[in-house]
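The values are calculated or read from the model by the stated rules, or taken from the named source; none is laboratory data. Fair warning: this is a prediction, and the values are worked out from it, not measured in the lab. Don't worry about glycine lacking a Cβ; one is built from the backbone with ideal geometry, like all the others, and counts go over all protein chains shown. With ligands, DNA and RNA removed, areas are computed over all heavy atoms of the protein, side chains included. Shrake-Rupley method; radii C 1.70, N 1.55, O 1.52, S 1.80 Å.
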Amino acid sequence: MDNNNPWLRAEIDQWLREGVISDEQAKILYARYPVMIYGRGGVRTSRGGDGRWGKLIFAALGVSIFGMGVILLFAYNWADMHRYLKLAVIGVSILLAHGAGMALYGADRQRKLGESLHLLGTVLFGAGIWLVAQIYHFDAHYPDGFLLWFVAALSLAWALPSAAHGILAAVLLVVWSGLETFEFQRQLPQTSWILMFCLLPLAWWLRANSLLTIVLLSLPLSYVFGIWGFGEQFVMPVLLLLVASYFAFARLAVGLANPEAKNVFESVGRALWLPLVFIGSFIGVPSQQGISAVAGFGLLHLLAPLVLASVAWLWALAKNGSRPADKQSWLDSGLVLGVLLLAVVPAMFGADMTGFGRVVFNVVFLAYSLLYVYRGTEQGRGKILGLGCFMLSVLAFARFTDLFYSLLARSSVFLVLGLLLFLIGQRYAKQNTRRKLEKPRA
């Protein structure tokens, strides 16, 4: 059966960007025309997404491989070429790629191909930076090349607009800040602000969940690079605060014109939060000094994640549409807030949460494991169930070496875990059988 809803939702995105319809009208249209998936299990509503991951992946691979081929082709005879010919080759390659991209980008059916050619031109521009430096033997601060490349990618990301250029810009910005931090011991907190104010709005405006995912993954990393010089003890609290705010924004996104962003915030948040909680079960949240020991702009940079998480969660809990509506949702929120209130916030103000923090993280990680097991068995969601069982096993193996010392205790843990996994499997099979029997026949 044909399904034109993805096309219609793409048109709604375009109308919203052009101001043809309002946010409220867009929300109504999104709800009326969800993406429907037809399969053997019947018809179901898609969980969302902008549908650009496959296009972006293939475009990026094609552009990267083709660009590498062009670079290697000229590199074969590069040493024998005159420097003016080298400059001409670099300039003409960039102009041809962007010229062809400009010619095709205006046509609706060739828009993606045009965007890919523009991306090729931007990749060639980045290669040209290093080639020009090699031609004239520039002895410069080499991370500046990535900064210049980032400016070009960001400019085209907004000018076209282009989610692929936005992704390239985010990657280049993180690379630049990482090189400055670890190669030259320069902390650049402004990189995270550039991500938030230059790329996050672009992702929201384009409704490009692929770009939103990359930005949300890049933000904690760039923020860590920015605070590295203030003390390693701040890394864990800041990461937890930033990722915790993702869950609050996931709730707030439900009432906005881009409800699919909820899944992005939740997925990225879960992918970062669970590993952080697991790491915390080993180290807690150690702190030798609080944020009061940091002065000036550094103090503002450390306080910003705390303020962001606090405001986001207060707003999410106070707003009717985003407040948790059932016990499981409250438990989800309670686990996040419990980590923040019991371990993270005290550590930010100088308390050593190494020992007690380990207890908190172990309990929270165990609670997540059991919650996912319950959801998986009750709702018939095999992936969630598998994640819960995997987390239980990982926690048991982790505590095998640092908590249980006697052979009897260790063998008991594995016996209990094996029996528990067996019972979980039996319950999941019974629940699936019951659902099949209760399903009305066509």
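Data for the structure
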item: Filtered residues of segment 207-238 (kept if within 13 Å of the chain's Cα centre (by Cα) and of a type outside the set (Val, Ile, Thr)); result: ALA208, ASN209, SER210, LEU211, LEU212, LEU216, LEU217, SER218, LEU219, PRO220, LEU221, SER222
item: Test result for LEU212, open to solvent by less than 30 Å² (accessible area, probe 1.4 Å) and either of a type in the set (Val, Ile, Thr) or closer than 23 Å to LEU156 by Cβ (or both); result: yes
item: Hey, PRO275 of a type outside the set (Asp, Glu), closer than 21 Å to VAL307 by Cα, in a helix (DSSP H, G or I) and without any contact (Cβ under 8 Å) to a residue 24 or more places away in the chain or not; result: no
item: Residue in segment 281-291 that is modelled with pLDDT under 90, under 24 Å from GLU180 (Cα atoms) and in contact with a Gly (Cβ under 9 Å, 6 or more places away or on another chain) present; result: yes
item: Restricting segment 300-327 to residues that are over 24 Å from the mean Cα position of the chain (by Cα) and under 26 Å from LEU366 (Cβ atoms), the residue that is modelled with the highest pLDDT; result: LYS327
item: Enumerated helices (runs of 4 or more DSSP H) restricted to segment 105-201, each holding at least 3 residues that are touching a helix residue (DSSP H, G or I) at 6+ places or on another chain (Cβ under 7 Å) and acidic (Asp, Glu); result: none
item: Residue, least open to solvent (accessible area, probe 1.4 Å), within segment 317-356, restricted to residues that are touching a Gly at 6+ places or on another chain (Cβ under 6 Å) and under 28 Å from VAL235 (Cα atoms); result: ALA343
item: Whichever residue in segment 103-140 is under 30 Å from the mean Cα position of the chain (by Cα) and open to solvent by 50 Å² or more (accessible area, probe 1.4 Å) and, among such residues, is modelled with the lowest pLDDT; result: ASP108
